[in-house]
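Peer 1: First the structure, which I've put down as structure tokens, then a few questions once you've had a look.
Rule-based calculations on the coordinates, nothing more; no lab input. None of the values given here were measured: they were computed from a predicted structure. FYI the Cβ positions are ideal-geometry reconstructions off the backbone, even for glycines, and counts take in every protein chain you see.
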Ligand SMILES: [Zn+2]
């Protein structure tokens, strides 16, 4: 099969195969169904501050296909062409900053944000980079052999089966995600570089839980289920068949749709800075999070940023209560405290709506809302 399947270690095969395999990704627009997954990925493409996606579901439901397909739709960014961290010419990293200070003009290029695979069997050196200690003592940052976290800076770090990642690598990821900086320490030498990335992970809950600390670092969560509608399933098979038979002509058939969607995403990203929420919605978001039983402040930020992305993608410059609700549905599920003796908690859209309606009244008549709280 031409499309990489959901299995650990697959990323290494793709890497070894080189760039040409990238040309044969299944087009994002040709994905049948899975609207929530498609939407969550697009919202992250529009606004990186949404913070990534955790994709739950059994294998074989197209999780990886969708993530890989997203790569072709990500908006372009300006990067220092030869910087291993893809830093921004407007906000250069330490070593690029030194080059500017010494009078060098930085080479600039535009390219799409990257999706970097983190395979489960990666070594720590491969992930965070390795240090040539003897050289580091003389030259500092240039002695770093950059790893996947360097490659993922300003892009998306994709971890298939993230719940199976070993504790040590999970800690490395958490540290980098918390600071936006990757610190590599070897034999008393410490080198750091920018590592701001969106985390996109897939998991099959039957194979193990995800640590709550890492779940909280991921913006949204979607559950992917196998489609049950016979015609939709038949269409999936037909498209798979056509793609496997002749990837190039299949892709050509979807080219117009791909281009239109990429333009829509780029336009939404361009609009994002103008998108705002009315002030009372900010307070309502806080209530929504607290009354759902979620402690993390990250949930509030994710909901606000996600609501902005929803409005931007719809061509609007003001996010409304409906956008906030849709964002909350995506942002709260994986942050609910789990009871080990009960089924996994789920977000109830009806409940969220009621809480939001009440919260918005709190702004107007606080007393009434207090007496109404149940
Ligand atoms: Zn740089």
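Peer 1: What ranking, highest mean first, results for peptides 96-107, 290-301 when packing means the other Cβ atoms within 10 Å averaged over each residue?
Peer 2: Per-residue mean Cβ counts within 10 Å order the peptides as 290-301, 96-107.
Peer 1: A follow-up question, please. How high is the relative contact order of the chain, in percent, with contacts defined as C-alpha pairs under 8 Å that are six or more residues apart?
Peer 2: 20 percent
Peer 1: Rank by packing, highest mean first: peptides 272-279, 147-154, with packing defined as the count of other Cβ atoms within 10 Å averaged across residues.
Peer 2: Packing proxy ranking, top to bottom: 147-154, 272-279.
Peer 1: What base-10 log of the normalised intensity I(q)/I(0) is obtained for segment 250-337 from the Debye formula, alpha carbons as equal point scatterers, at q = 0.10, 0.12, 0.16, 0.25 Å⁻¹?
Peer 2: So the normalised log intensities are -0.32, -0.43, -0.65, -1.11.
Peer 1: How many nm is it between the label spots at residue 124 and residue 171, if each spot is 7 Å from the Cα in line with the beta carbon?
Peer 2: Calculated label separation equals 0.7 nm.
Peer 1: Here is a further query. Where the Cα atoms of the chain are projected onto their three principal axes, how long is each span, largest first, in whole Å?
Peer 2: 68, 51, 44
Peer 1: Measuring from centroid to centroid over Cα atoms, what is the spacing of segment 90-167 and segment 261-276 in Å?
Peer 2: Spelled out, the Cα-based centre of one part sits 28 Å from the other.
Peer 1: Turning to a different aspect of this structure: Given 10 Å bins starting at zero, what is the percent of C-alpha pairs of segment 179-330 in each, up to the one with the largest pair distance?
Peer 2: The percentages, shortest bin first, are 9, 22, 29, 26, 12, 2, 0.
Peer 1: Sticking with this one: I'd like the antiparallel share, as a percent to the nearest 5, of DSSP beta bridges with both residues in the chain.
Peer 2: Details: 14 of 31 bridges.
In the chain, DSSP labels about 45 percent of beta bridges as antiparallel.
Peer 1: Take the Cα radius of gyration of segment 93-243 and divide it by 2.2 N^0.38 Å, with N its residue count; two decimals is plenty. Walk me through the numbers on the way to the answer.
Peer 2: Numbers: Rg = 19.6 Å, N = 151, 2.2 N^0.38 = 14.8 Å.
This ratio for segment 93-243 stands at 1.32.
Peer 1: Put a dot 7 Å past each Cα toward the Cβ at residue 225 and residue 90; how far apart are the dots in nm?
Peer 2: Inter-label distance under the simple model: 4.3 nm.
Peer 1: Add -39500 (n - 2.57) for each DSSP H run of 4 or more in the chain, then divide by its residues: what number comes out at 222 nm, to the nearest 500 deg cm²/dmol?
Peer 2: After summing the helix terms and dividing by residue count, I get -14000 deg cm²/dmol.
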